[in-house]
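Q: There's a structure below that I have some questions on.
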Amino acid sequence: MASDLFCTDLVRRFGDHTAVDRVSLDVPAGTFFSILGPSGCGKTTLLRLLAGFDRPDSGEIQIRGARMNDVPPNKRPVNMVFQHLALFPTMSVGDNIGYGLRRKKVPAAERTRKIARVLEQVGLPGLEDRNPQQLSGGQRQRVALARCLVLEPTLLLLDEPLGALDLKLREQMKVELKHLQKAFGTTFVYITHDQSEAMVMSDQVAVMRQGRFDQVAAPETLYRDPATPFVAGFVGDNNRLSGDVISVDGDLARLRLQSGEEVTGRIAGEGIAAGRRADLFIRPESLVMNGAVPDGYSRMQATVTTTLFDGANSRIEAGVADQTIFARLPQDGSVSNLSPDSAIQLGWDPQRATVFAGERV
Amino acid sequence: MRSSASKLSLCLLMTPFVLWIVLLVLLPHLQMLRVSFHVRESWDTVTLGLEQYQNFFSESYYWRTFVRTGVMSLFTTFLTLVIAFPIAWYIARLARGRAKGFLFLACLIPFWASELVRTYGWMILLRESGLFSTWLQALGLADGPVEMLYNDAAVIIGLVYNGLLFMVVPLVTTLDGMDKNLVEAGYDLGGNHWTVLREIIVPWAMPGVVSGCIVVFMLTLGSYLTPILMGGKDSAWFTEQIFTQFITRFNWEQGAALGVLLLVLSSVIVWLGLRVTGQNLRKVMG
């Protein structure tokens, strides 16, 4: 598949601080690509490099095979939805959308037709004459999208546009954005610090930390097969147990925790050898409890601290030595009567747990 | 009890304002309006009539100066806007931290001296034996002393300089509140410098532009010292004529009529300006 965006070794420094550090990426045409990272990881800087508001110190940006490094933002086939949308307050909705078309010298009659059509596509037919301030948060969001999509850009950049919405609307817009991306077929590059947004919408997610990509993969791969301990901890809920490696057997490693418990998990990173410190990550939903633990599973004794009821998402909080571990309660009600301070046996399929070399102490 | 207390405090707060408006603004102007319709028949008999206004229209020197003052004030206002906009843009958008405060202060500093001193400052620079003339001769660009004072250009330089601060302040205030993403969005959607300025920045800054223009226009129209000191024999200013009527000729009736006309002129132009730009006074001054 042809790639719409292809970057090699992008670097952007601010003084001593390297905001974007040798980032390479390849986004196939018509896909939804997310860059996920905590605040300050350099994702906004990267997006501004792509939009053309900032220039890389080194590296190359190609859009559909054409080098973009020296092309100013108004000449790039790229449009951006800003974090706070940046709708022009002095113009009506129709004029906001028509602004880009006027710059392209689209004749007035065709402009009116295009504006009406794109408003219909984003679900706001007939709102041309409204003032942006009169619209609700979700409607403004759609106008900002329409303003870009009407220009049929090769690439649409989105800078956490859902951040300002309330939770319920955000959930709704997440699904809608994904549908709109499919309907328009435009390549989306979306940056966010919210892992749920990235997971739900994207075809590919790049997890960014300190200016670099830790892993670029499909959401499910990130979740099941994280490449680094940062990804394991940042994407989805995860439990982390620290201990010393006591033996390595094929792709499995055995760890001794501080409490003396011995646990097993699949080796996912470099540098695992007997005697080294390591971290084992196990997801709350991969843990089984008490009688349900089959043979061949890694087992561990823990003490229940409290039960956190949240419908389908109910969990128990348990303590193992001084570490806290969360386990998802099975939905069939097979585990009940877990009073605080009662002992519980937790088990998991060693293939479901990932082991990474721990940070040097 | 409560409401009467709040009523009392409202009255106390309003009293100085009402006194100021009535005693210093309303009464003198009404008095001036009345005097302007007086026709003096002999030293102690006065009748009402339009003679002063007829004088204004029949005496070409009056209305020529009147039109000239209006046109030059408009031009000065426009020039001040053109010069102040980049300055305000720089202070509001580009300067940071201490530089911002310093630049703002730099605009303010000339106003610590009186208008008279500021005007003399310009005269020192522009007169025949002044700095610019000396430099031009030293550089070999002029053969003899050059007189740059006593013409319309000198008057406009002085007036623009006097008005600059009053244009920069409202512009900085409006531009400061502008989201920088709006400008970026303007470029991102395909605009060039000119279209972003025309379609996004200027419409946003319009309240500041209009309020700055109103203040500078009124100051310029009503200024007295600068045109007198820097203008030549031919660059008469309308305020000068009012002064002459009141003080030199002791013709209060004529002076009052000219004063009323100047007030009408400034009100009409401000009203027209608001209509043309689609702003209203509350928004602009709010």
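Laboratory data are not the source of any read-out in this text; all were calculated from the coordinates shown. All values derive from a computational prediction rather than experimental measurement. Because the Cβ atoms are built from the backbone with ideal geometry, glycine has one as well, and the counts that use them run over all protein chains shown.
Q: What ranking do A:Leu36, B:Leu19, B:Leu263, A:Leu25 get, fewest neighbouring Cβ atoms within 10 angstrom at the top?
A: Fewest-to-most Cβ neighbours within 10 Å comes out as B:Leu19, B:Leu263, A:Leu25, A:Leu36.
Q: Ordered by packing density, taken as the mean number of other Cβ atoms within 10 Å over each peptide's residues, highest first, how do B:93-103, A:222-232 rank? Walk me through the numbers on the way to the answer.
A: Details: B:93-103: 12.1, A:222-232: 20.6.
For the peptides B:93-103, A:222-232, the packing ranking is A:222-232, B:93-103.
Q: Another question about this same structure. In the range A:84-109, whose amide N lies under 15 Å from the spot 7 Å out along Cα-to-Cβ of A:Gln134? List them in ranges.
A: Under 15 Å, as judged by backbone N against the label point of A:Gln134, lie A:89-96 of the range A:84-109.
Q: A further question follows. At 0.692 mPa s and 37 °C, plugging the Kirkwood radius over alpha-carbon pairs of the range A:239-357 into Stokes-Einstein gives what diffusion coefficient in µm²/s? Spell out each step's value before the answer.
A: Numbers: Rh = 14.5 Å.
Value of D from the Cα-based Kirkwood radius: 227 µm²/s.
Q: Turning to a different aspect of this structure: Highest mean first, how do B:122-128, A:341-347 rank when packing is the count of other Cβ atoms within 10 Å averaged over residues?
A: Working: B:122-128: 17.0, A:341-347: 15.0.
Answer by packing, highest mean first, reads B:122-128, A:341-347.
Q: Using the structure shown, list the pairs from A:Lys104/A:Lys178; A:Lys114/A:Lys178; A:Lys75/B:Lys100; A:Lys168/B:Lys180; A:Lys75/A:Lys114; A:Lys43/A:Lys174 with a Cα-Cα distance above 25 Å, or answer none. Provide the component values of the computation, followed by the final result.
A: Values: A:Lys104/A:Lys178 28 Å; A:Lys114/A:Lys178 22 Å; A:Lys75/B:Lys100 32 Å; A:Lys168/B:Lys180 29 Å; A:Lys75/A:Lys114 21 Å; A:Lys43/A:Lys174 19 Å.
Listed pairs above 25 Å: A:Lys104/A:Lys178; A:Lys75/B:Lys100; A:Lys168/B:Lys180.
Q: Next up: So what's the angle, to the nearest 10 degrees on a 0 to 90 scale, between helix A:167-184 and the longest Cα principal axis of chain A?
A: It works out to around 60 degrees.
Q: How far is the Cα center of the range A:275-294 from the Cα center of the range B:1-66, in Å?
A: Each part's Cα centre sits 90 Å from the other's.
Q: If you build a Gaussian network model of chain B, linking Cα atoms that sit under 10 Å apart, which residue out of B:Leu229, B:Leu33, B:Leu182 swings the most?
A: B:Leu182
Q: Expressed as a rounded percentage, what relative contact order does chain A have, with Cα pairs under 8 Å and six or more residues apart?
A: Working: 770 pairs, mean separation 54.9, N = 361.
Relative CO of chain A lands at 15 percent.
Q: Run through the DSSP bridge list for the protein assembly as shown and note the antiparallel percent, rounded to the nearest 5. Each step should come with its number before you reach the end.
A: On the way: 64 of 84 bridges.
If I count the DSSP bridges inside the protein assembly as shown, around 75 percent turn out antiparallel.
Q: What's the ranking of B:111-119, A:179-187 by average number of surrounding C-beta atoms within 10 Å, highest first? The partial results should precede the final answer.
A: Details: B:111-119: 13.4, A:179-187: 16.7.
Ranked from most to least packed, the peptides come out as A:179-187, B:111-119.
Q: Give the long-range amide H neighbours of B:Met148: residues separated by 5 or more places, or on another chain, with amide H under 5 Å away, using H modelled in the peptide plane at 1.01 Å from N.
A: Those qualifying (amide H under 5 Å, at least 5 residues apart or on another chain) are B:Glu128.
Q: Something else now. What spacing in nm lies between the two simple spin-label points modelled at A:Glu270 and B:Thr134, each 7 Å away from Cα in the Cβ direction?
A: About 7.4 nm separates the two model spin labels.
Q: So if each residue of separation counts as 0.36 nm, and I subtract the Cα-Cα distance between A:Asp225 and A:Gln62, what length gain in nm does that give?
A: Numbers: separation 163, 0.36 × 163 = 58.68 nm, distance 2.97 nm.
My answer for the length gained is 55.7 nm.
Q: Still on this structure: On a C-alpha basis, how far is the centre of the range A:128-142 from the centre of the range B:186-241 in Å? Whole number, if you could?
A: The two parts, judged by their Cα centres, are 34 Å apart.
Q: Roughly how tilted is helix A:137-149, in degrees to the nearest 10 and between 0 and 90, from the longest Cα axis of chain A?
A: Approximately 60 degrees, to the nearest 10.
Q: Explain nothing, just compute: Karplus ³J(HN,Hα) = 6.51 cos²θ - 1.76 cosθ + 1.60, θ = phi - 60°, for every residue of the range B:158-167 in order, whole Hz, x for Gly and Pro.
A: The phi angles translate into x, 5, 4, 4, 5, x, 3, 4, 6, 8 Hz.
Q: If a/c stays under 1.5 just call it rounded; otherwise compare a/b with b/c (prolate if a/b is bigger, oblate if not). Do that for the protein assembly as shown, with a ≥ b ≥ c from the square roots of the Cα gyration tensor eigenvalues. Please report the intermediate quantities before stating the final value.
A: On the way: a/c = 2.89, a/b = 2.49, b/c = 1.16.
Cα axes put the protein assembly as shown in the prolate bin.
Q: Assuming a viscosity of 0.890 mPa s and a temperature of 25 °C, what translational diffusion coefficient in µm² per second does Stokes-Einstein assign to the range B:57-285, Rh being the Kirkwood radius over Cα pairs?
A: Details: Rh = 19.7 Å.
Estimated via Stokes-Einstein, D reaches 124 µm²/s.
Q: Where both residues lie in the range A:211-361, what percent of DSSP beta bridges are antiparallel, nearest 5? Don't skip to the answer; put the middle values down first.
A: Values: 40 of 42 bridges.
So the antiparallel bridges in the range A:211-361 amount to around 95 percent.
Q: Hey, another quick one. What's the angle, to the nearest 10 degrees (0 to 90), between helix A:108-121's Cα axis and the longest principal axis of chain A?
A: Orientation of helix A:108-121: about 20 degrees from the principal axis.
Q: Using Cα-Cα distances under 8 Å and only pairs 6 or more residues apart, what relative contact order does chain B have, in percent? Intermediate results must be reported in sequence, preceding the final value.
A: Details: 282 pairs, mean separation 72.3, N = 286.
Relative contact order here is 25 percent.
Q: Order these by the 10 Å Cβ neighbour count, fewest first: B:Phe238, B:Phe243.
A: On the way: B:Phe238 26, B:Phe243 16.
Going from least to most buried by this count: B:Phe243, B:Phe238.
Q: Arrange A:Met173, A:Met201 by Cβ neighbour counts within 10 Å, fewest through most, would you? All intermediate terms of the calculation are to be shown ahead of the outcome.
A: Numbers: A:Met173 21, A:Met201 25.
The most exposed by this proxy come first: A:Met173, A:Met201.
Q: Assuming a ≥ b ≥ c are the square roots of the Cα gyration tensor eigenvalues, decide whether the range A:1-91 counts as rounded (a/c under 1.5), prolate (otherwise, with a/b larger than b/c) or oblate. List each step's numbers first, then the result.
A: Details: a/c = 1.42, a/b = 1.08, b/c = 1.31.
Here the range A:1-91 falls in the rounded category.
Q: Next question, about the same structure. Between the range A:65-109 and the range B:95-136, what is the separation of their alpha carbon centroids in Å?
A: Their Cα centres are 43 Å away from one another.
Q: Also, quick follow-up: Could you tally the net charge around B:Ala95, taking each other residue with its Cβ under 15 Å from the Cβ of B:Ala95, Lys/Arg +1 and Asp/Glu -1?
A: On the way: positive: B:Arg93, B:Arg96, B:Arg98, B:Lys100, B:Lys180; negative: B:Asp176.
Here the count lands on +4.
Q: Hey, got the average number of other protein chain Cβ atoms within 10 angstrom for residues in B:188-198?
A: Values: counts 18, 19, 13, 6, 4, 1, 0, 4, 2, 0, 0.
Per residue, the average neighbour count from other chains is 6.
Q: Another question about this same structure. Would you kindly derive the ³J(HN,Hα) couplings of the range A:2-11 from the backbone phi angles with the Karplus curve 6.51 cos²θ - 1.76 cosθ + 1.60 (θ = phi - 60°), listing them in order in whole Hz, with x for Gly and Pro?
A: These are the phi-based 3J(HN,Hα) values: 5, 9, 7, 9, 9, 10, 10, 6, 5, 10 Hz.
Q: Further, regarding this structure: Tell me whether chain A comes out rounded, prolate or oblate; compute the Cα gyration tensor, take square roots of the eigenvalues as a ≥ b ≥ c, and use a/c under 1.5 as the rounded threshold.
A: Working: a/c = 3.05, a/b = 1.84, b/c = 1.66.
Prolate, since a/c reaches 1.5 and a/b exceeds b/c.
Q: Now for a separate question. If I model a spin label at B:Ser3 and B:Arg64 as a point 7 Å from the Cα along the Cα→Cβ vector, what separation in nanometres do I get?
A: It works out to 6.5 nm between the two label points.
Q: Which percent, to the nearest 5, of DSSP beta bridges fully inside the range A:3-232 are antiparallel?
A: On the way: 21 of 39 bridges.
Restricted to the range A:3-232, the bridges split so that about 55 percent are antiparallel.
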